[in-house]
Amino acid sequence: MNHQDHVALLARGITQGEGGAWADLGAGTGAFTLALADLIGPHGVIYAIDRDRGALAELRTAFVSAVPQAELRVQVADFTRRLELSDLDGIVMANSLHFVEDKTRVLALVRGYLKSGGRLILVEYDSDRGNTWVPHPLSFETWKDLASEAGFVDTRRLATVPSRFLHRIYSALSLVS
Ligand SMILES: C[S@@+](CC[C@H](N)C(=O)[O-])C[C@H]1O[C@@H](n2cnc3c(N)ncnc32)[C@H](O)[C@@H]1O
């Protein structure tokens with residue numbers, strides 16, 4: 001996938017140039033952080049969280065060399081523990097929730113960081129069968145039920161892209177009521 005594919009997966013969940021405060025949980029080297037930055041534009045702030053310090057250092061470098069966009073704040077942290085985040089307009093979790101077996105507890109934390117009407121955009125492999133590299137993926141159908149159990153509403157698919165690995169990747173938008 002290239003940058004345009006990353007943008008396309010998020011685009012229908014974000015109004016171009018809307019700004020606001022967003023977090024990317026499990027940002028890694030920033031493929032989706034950069035896409036998010038392009039979409040929210042220069043008036044936004046993005047908290048990029050990952051437990052991998054090296055990946056975040058790469059993300060910082062990539063961000064600096066990209067077109068000036070949203071403000072970036074990186075933080076080395078474990079998103080399965082409570083983070084210092086609140087009143088966010090949105091959260092992106094791209095290919096990171098599948099590392100968590102007990103998703104309910106993490107989703108309760110995630111929901112608590114969002115303001116009323118806030119958005120969670122999930123990007124995941126459309127599969128309920130994991131492997132060594134993707135231990136606990138969840139199909140869109142499973143996500144719909146889980147998101148509802150976790151108190152999110154209006155969960156809908158935004159986009160899908162074919163993947164040689166586990167067939168395809170979807171993005172989905174859920175709201176905090
Ligand atoms: C497959 S990478 C995805 C990176 C990026 N979101 C993307 O889609 O290109 C998963 C990332 O999630 C991070 N991660 C997994 N579990 C985490 C946790 N509990 N806390 C923080 N980061 C985590 C990993 O360190 C890794 O950088």
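Kindly indicate the residue of region 57-99 that is of a type in the set (Ser, Thr, Tyr), at pLDDT 95 or above and surrounded by fewer than 19 Cβ atoms within 10 Å (Cβ to Cβ) and also farthest from Ser139 (Cα to Cα) among those meeting that condition. Walk me through it before giving the result.
Let us first name the residues in region 57-99 that are of a type in the set (Ser, Thr, Tyr), namely 61, 65, 80, 86, 96.
Narrowing the set further to residues that are at pLDDT 95 or above leaves 80, 86, 96.
Within this subset, residues satisfying the condition of being surrounded by fewer than 19 Cβ atoms within 10 Å (Cβ to Cβ) are 80, 86.
Numbers: Thr80: 21, Ser86: 28 Å.
Result: Ser86.
Name the pairs whose Cβ atoms lie under 7 Å apart, with the first residue in region 25-46 and among the polar types (S, T, N, Q), the second near the ligand (Cβ under 7 Å from one of its atoms) and part of a strand (DSSP E or B), and 6 or more positions between them or separate chains?
Between residues of region 25-46 that are among the polar types (S, T, N, Q) and residues that are near the ligand (Cβ under 7 Å from one of its atoms) and part of a strand (DSSP E or B), the close pairs are Thr33/Asp24.
Tell me yes or no: at least one residue of region 121-142 is of a type in the set (Phe, Trp, Tyr), within 18 Å of Ala172 (Cα to Cα) and away from the ligand (no atom under 16 Å from the Cβ). Let's see the steps before the verdict.
Step one: filter region 121-142 for residues of a type in the set (Phe, Trp, Tyr), giving 125, 133, 140.
Subset that is within 18 Å of Ala172 (Cα to Cα): 125, 140.
Next, only the ones that are away from the ligand (no atom under 16 Å from the Cβ) stay: 140.
Yes, that holds for at least one residue.
Quick check on this structure: which one of Arg119, Arg164 is within 13 Å of the chain's Cα centre (by Cα) and among the basic types (Lys, Arg)?
The conditions single out Arg119.
Can you name every residue in region 34-48 that is buried (at least 24 other Cβ atoms within 10 Å of the Cβ) and assigned to a strand (DSSP E or B)?
Matches in region 34-48: Ile46, Ala48.
Search region 83-120 for residues being β-branched (Val, Ile, Thr) and within 11 Å of the ligand (Cβ to nearest atom), and hand back the single one that is nearest to Tyr170 (Cα to Cα).
Step one: of region 83-120, the residues β-branched (Val, Ile, Thr) are 91-92, 100, 104, 106, 110.
Right, trim to within 11 Å of the ligand (Cβ to nearest atom) and you get 92, 100, 106.
Values: Val92: 13, Val100: 18, Val106: 20 Å.
Filtering first and then ranking leaves Val92.
Taking Val64 as meeting all but one of (1) part of a helix (DSSP H, G or I); (2) without any contact (Cβ under 8 Å) to a residue 60 or more places away in the chain; (3) within 15 Å of the ligand (Cβ to nearest atom), write down the number of the exception.
Answer for Val64: the failing condition is (3).
The values are calculated or read from the model by the stated rules, or taken from the named source; none is laboratory data. These numbers come from a predicted model, not from an experiment. Positions of Cβ are backbone-derived with ideal geometry, glycine not excepted, and every protein chain shown enters the neighbour counts.
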